[in-house]
Structures are given as structure tokens and as C-alpha cells.
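The block underneath contains the structure these notes are about, expressed in C-alpha cells.
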Amino acid sequence: MSQLFAEGYANRGREDEAAAAWAPPVDIAETAEALIFTFELPGFKNEDLTLRVENGVLTLEGERKFEAETNERNYRRVERAYGKFVRGFTLPGNVGSEKIQANMTDGVLQIVLPKKDEAKSKMITIGSGAPKQIGVRKAA
């Protein structure tokens with residue numbers, strides 16, 4: 001029994017460090033049309049978050065506060081992360097910041113950053129026949 005408690009307290013320092021610095025997990029996907037960020041933020045409300053794009057960097061900030069009533073409970077273990085977080089991502093040059101969409105549903109924040117029109121691939125029709133001479137003059 002004493003080994004169980006000793007082991008628990010020996011790891012306590014590492015657990016405290018992990019809880020002190022946290023960030024919500026994110027998936028980043030790319031389509032032909034957009035760059036898509038998907039964050040897991042259970043328990044957060046829209047007003048708890050700040051989202052901005054500045055100088056080509058997408059930044060998400062927030063804070064999860066520990067609201068424990070010490071009169072009713074004595075916590076034996078706290079594994080959920082609390083405190084402030086900041087996530088920053090440098091955006092590629094082909095992404096526009098004018099038409100960003102951000103929606104939160106069931107604790108999942110999805111941010112869609114459309115690509116600029118000039119960055120999207122374009123289909124080029126291939127003609128038939130002899131190649132045309134463009135901008136070539138014959139000497140007289």
C-alpha cells in the first residue's frame with residue numbers, strides 16, 4: 001500500500017508540469033479549395049475563445065478555469081487540463097484571410113481558410129493543329 005502512495009507522489013511533479021502547459025489538439029487538412037483546422041474544445045463556449053489572423057499567423061487563445069467547490073469535494077486526482085493556452089500557426093501564402101469561417105459544434109471548433117483564387121489549380125484546354133507563332137516577326 002505504501003508503494004502505491006509513494007509511486008503516486010513520485011509522478012506528481014511530472015503530472016503538474018503536464019497540466020501547467022496544455023493546448024487543445026488540432027487536425028489540419030487541406031483540400032483543393034481550403035485549409036481546414038479542427039480543434040477539440042469540450043466545455044468551451046464561443047465567448048471563451050479569441051481567434052485572429054495577423055501577419056500571416058492564425059492564433060487561437062482561450063482559458064479553461066478550474067471551478068472546484070472545496071467545501072463539497074476533496075479531489076484525489078485531476079487529469080483534465082486547466083489554464084490559458086495559445087496556439088499559433090503560420091499560414092501558407094496561398095491562403096486568404098478575407099473569407100475565413102469558424103464554427104463551434106459540440107465542443108469541436110472548425111476553421112476554414114479558403115485558398116486565394118490564383119492559388120487554385122486551373123484546367124487548361126489543349127487545342128489541336130499546328131502551334132501558333134506568338135510575338136514572332138519575320139525579318140523583311
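Any read-out appearing in this document is the output of simple, stated calculations on the displayed coordinates, not a laboratory observation. Predicted, not measured: the structure shown is a model, and the values here were computed from it. All Cβ positions, glycine included, derive from the backbone under ideal geometry; neighbour counts span all protein chains shown.
In order along segment 38-49, the phi-based Karplus estimate (6.51 cos²θ - 1.76 cosθ + 1.60, θ = phi - 60°) of 3J(HN,Hα) comes to 10, 9, 8, 9, x, x, 8, 10, 3, 6, 7, 10 Hz; Gly and Pro are listed as x. Rounded to the nearest Hz, the phi-derived 3J(HN,Hα) couplings of segment 85-96 under the Karplus curve 6.51 cos²θ - 1.76 cosθ + 1.60 (θ = phi - 60°) are 9, 9, 10, x, 9, 6, 8, x, x, 8, 9, x, where x marks glycine and proline.
Per-residue extension of 0.36 nm, minus the Cα-Cα distance of Glu40 and Thr125, leaves a gain of 26.3 nm for this segment.
Please give me, ordered by residue number, the chymotrypsin sites (Phe, Trp or Tyr not before Pro) of segment 64-104 that lie in loop per DSSP and have at most 11 other Cβ atoms within 10 Å. Those that pass, being in a loop and sparsely packed, are Phe66, Tyr75. In sequence order, segment 98-115 has phi-based couplings of 6, 10, 5, 10, 9, 9, 10, 9, 6, x, 10, 9, 10, 10, 10, 10, x, 7 Hz under the Karplus curve 6.51 cos²θ - 1.76 cosθ + 1.60, θ = phi - 60°, and Gly or Pro positions carry x. In a fully extended conformation the segment linking Ala23 and Thr59 would gain 11.7 nm over its present Cα-Cα distance, using 0.36 nm per residue. Backbone amide hydrogens, once placed in the peptide plane, bring Leu35 within less than 5 Å of Leu113, Lys115, excluding anything fewer than 5 places away on its chain.
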